[in-house]
Amino acid sequence: MFPFNIRVYGLLVNELRQVLVSDECRNGYSFTKFPGGGLEFGEGFTEALKREFIEELNLAVEVGELFYFNDFFQESAFNPKHQIHSFYYHVAAEEWEFIETDKHDVPLKEEGEKHRWIAVDQLEIEHFTFPIDKLVAQMIQQKM
């Protein structure tokens, strides 16, 4: 039996109409995605997304409406025996202006993660690594 990998991501758009993205490097593999990550056993979607924002950004968020989830097969980029199901929610944060961002190379070359804002009207699918994120980026431009 092939395992399912459930992912949950937050779409944080600030008052300047910029969306937050995460540039990461894990085990020498660089990628850009929306902030978020995997569900842990015993968690619900909202709980997992709040935990991920605390872990990644030290930021408390309010989870809003579901924006999108993939209803098609997507193989994991990290393990071809895993099927990915990704859920994207609108999130809000009162203290978004305190999110630590800095100028960094993209793709990120050192292990870890860094964050940056991209204006919604300048968002392009080429900014993202994974197929579902690319689709969501396109939807953001069309709907926001």
Exercise for review: Looking only at the range 108-131, count how many residues are outside any helix (DSSP H, G or I), of a type in the set (Asp, Glu) and in contact with a helix residue (DSSP H, G or I) (Cβ under 8 Å, 6 or more places away or on another chain).
Suggested key: 2
Practice item. Scan Gly44, Gly28, Gly38, Gly64 and give me the residue that is on the phi > 0 side of the Ramachandran plot and either of a type outside the set (A, V, I, L, M, F, W, C) or in contact (Cβ under 8 Å) with a residue 12 or more places away in the chain (or both). Key: Gly28
Review point. In this structure, does Lys134 turn out to be part of a loop (DSSP other than H, G, I, E, B) and either at pLDDT 95 or above or surrounded by fewer than 14 Cβ atoms within 10 Å (Cβ to Cβ) (or both)?
Key: no
Check your understanding: Conditions: (1) buried (at least 16 other Cβ atoms within 10 Å of the Cβ); (2) more than 23 Å from Ile140 (Cα to Cα); (3) not charged (D, E, K, R). His82 meets all but one. Number of the miss?
Key -> (1)
Check your understanding: When residues of the range 119-137 are filtered for being of a type outside the set (D, E, K, R) and under 13 Å from the mean Cα position of the chain (by Cα), how many remain?
Key -> 9
Exercise for review: Given the conditions (1) exposed (fewer than 14 other Cβ atoms within 10 Å of the Cβ); (2) closer than 19 Å to Leu16 by Cβ; (3) touching a strand residue (DSSP E or B) at 6+ places or on another chain (Cβ under 7 Å), report the number of the one that Phe98 does not fulfil.
Suggested key: (3)
Review point. Filter the range 55-75 for residues that are part of a strand (DSSP E or B) and more than 13 Å from the chain's Cα centre (by Cα); which is nearest to Glu95 (Cα to Cα)?
Key: Glu62
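If you go through the range 103-131, how many residues are surrounded by 13 or more Cβ atoms within 10 Å (Cβ to Cβ) and touching a residue at least 40 places away in the same chain (Cβ under 8 Å)?
Matching residues across the range 103-131 total 17.
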Point to revise | Unmet requirement for Glu24, which otherwise passes all of (1) buried (at least 18 other Cβ atoms within 10 Å of the Cβ); (2) in a helix (DSSP H, G or I) | key: (2)
Practice item. Kindly list the number of the only condition in (1) assigned to a helix (DSSP H, G or I); (2) surrounded by 16 or more Cβ atoms within 10 Å (Cβ to Cβ); (3) not polar (S, T, N, Q) that fails for Tyr88. Key: (1)
**Study point:** Selected residue (criterion: nearest to the chain's Cα centre (by Cα)) from residues of the range 84-107 that are closer than 25 Å to Ala48 by Cα and among the aliphatic types (A, V, I, L, M)
**Key:** Val91
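The values are calculated or read from the model by the stated rules, or taken from the named source; none is laboratory data. From a predicted model like this one, the values you see are computed outputs, not experimental measurements. Here Cβ is always computed from backbone atoms with ideal geometry, including for glycine, and neighbour counts include all displayed protein chains.
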